[in-house]
1. Tell me which residues, restricted to segment 11-36, are open to solvent by 40 Å² or more (accessible area, probe 1.4 Å), at pLDDT below 95 and within 13 Å of the ligand (Cβ to nearest atom).
2. From the list 136, 125, which one is β-branched (Val, Ile, Thr) and within 20 Å of the chain's Cα centre (by Cα)?
3. What number of residues within segment 29-59 satisfy the criterion of being under 23 Å from residue 90 (Cβ atoms) and of a type in the set (S, T, N, Q)?
4. Please go through (1) open to solvent by 10 Å² or more (accessible area, probe 1.4 Å); (2) in contact (Cβ under 8 Å) with a residue 60 or more places away in the chain for residue 51 and return the number of the only condition it doesn't satisfy.
5. Scanning segment 38-57 for residues that are part of a loop (DSSP other than H, G, I, E, B) and within 14 Å of the ligand (Cβ to nearest atom), which turns out farthest from residue 181 (Cα to Cα)?
6. Identify all residues within segment 193-238 that are in contact with an Asp or Glu (Cβ under 6 Å, 6 or more places away or on another chain), open to solvent by 30 Å² or more (accessible area, probe 1.4 Å) and at pLDDT 95 or above; write none if there are none.
7. So how many residues does segment 94-128 have that are part of a loop (DSSP other than H, G, I, E, B) and either open to solvent by less than 40 Å² (accessible area, probe 1.4 Å) or within 15 Å of the ligand (Cβ to nearest atom) (or both)?
8. Checking residue 203 against (1) part of a loop (DSSP other than H, G, I, E, B); (2) over 19 Å from the mean Cα position of the chain (by Cα), which test does it fail?
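The values are calculated or read from the model by the stated rules, or taken from the named source; none is laboratory data. Bear in mind that the values here come from a model prediction, so they are computed numbers and not experimental data. Note that we place each Cβ from the backbone using ideal geometry, even for glycine, and neighbour counts take in every protein chain shown. The protein model used for the area step is the full one, side chains on, heavy atoms only, and it has no ligands, DNA or RNA in it. Shrake-Rupley method; radii C 1.70, N 1.55, O 1.52, S 1.80 Å.
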Amino acid sequence: MRVMLLGCPGAGKGTQAKFITERYKIPQIATGDMLRAAVKAGSPLGLKAKSIMDSGKLIPDDVMIDLVKQRISQADCQAGFLLDGFPRTIPQAEALHKAGIGLDAVIEIAVEDTEIIKRLSGRRIHPGSGRTYHVIFNPPKDPDFDDFTNEPLIQREDDREDTIRKRLAIYHQQTQPLLDYYKNWMPSAWDEQPPQYIKVNGNDDIANICQQIFAELDKAKNKPKLKAAEDTKQSPIN
Ligand code: AMP
């Protein structure tokens, strides 16, 4: 099962990703997390990525395409994967397509900008564990400190309000065109199966969103495959 999550930063992709990967036993490929790990490790990619990420801008397409292709070629992705945060631009989507990496389903989690600003600007992180809190929706017992270690919490640079606004503007400009790209996918004789397009309301209750996604993904999973789609899956990477 090859699934992709689409939605603006803060829409709840990471939350739903956890449920989906557990149920369908597929690894999560979260490009934002991969980049943050590279920054933390101080690798050449991390050094290059840090200032771009802090400013809310996007990493160049060629860098991201190589990173994701490499990840998908690993053994644990053979039976499928969940893409979270990639593709984020039309060239990234086209690179996937050209590499013969088809998708069974694309899930859009829709949330308005005003709600996103409220959600992200209140988010706090415990850097050691990655635990997240929210000053209003999920506050720590002691404000600004982790419940388990009592270590200080931080606000991600890119969760500051002015950066969130920039990230949303970039999302609307560069990522939103992907909604139509996947919705209007036209199969052709040599093409892979069009992905099932699933849209959920990201303001809904977390458990309800999850149930809707599971119901739709079960349908996508049981849908008969085109022969061409099966063939492309034999050799996903060029
Ligand atoms: P995220 O955690 O998915 O919101 O990603 C955090 C940041 O990582 C983004 O604001 C970008 O700077 C960078 N990033 C993550 N995925 C991509 C991608 N597919 N293309 C370009 N930049 C990305």
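1. Those that are open to solvent by 40 Å² or more (accessible area, probe 1.4 Å), at pLDDT below 95 and within 13 Å of the ligand (Cβ to nearest atom): 15, 33, 36.
2. On the way: 136 fails: within 20 Å of the chain's Cα centre (by Cα).
Answer to the selection: 125.
3. Residues meeting the conditions: 2.
4. That leaves (2) as the condition not met.
5. Going through segment 38-57, the residues part of a loop (DSSP other than H, G, I, E, B) turn out to be 42-43, 55-57.
Add one more test, that the residue is within 14 Å of the ligand (Cβ to nearest atom), and what stays is 55-57.
Numbers: 55: 27, 56: 24, 57: 22 Å.
My answer is 55.
6. 199
7. Residues of segment 94-128 part of a loop (DSSP other than H, G, I, E, B): 99-104, 111-112, 122, 126-128.
Narrowing further to those that are either open to solvent by less than 40 Å² (accessible area, probe 1.4 Å) or within 15 Å of the ligand (Cβ to nearest atom) (or both): 99-104, 111, 122, 126-127.
Residues flagged as part of a loop (DSSP other than H, G, I, E, B) and either open to solvent by less than 40 Å² (accessible area, probe 1.4 Å) or within 15 Å of the ligand (Cβ to nearest atom) (or both) within segment 94-128 amount to 10.
8. (2)
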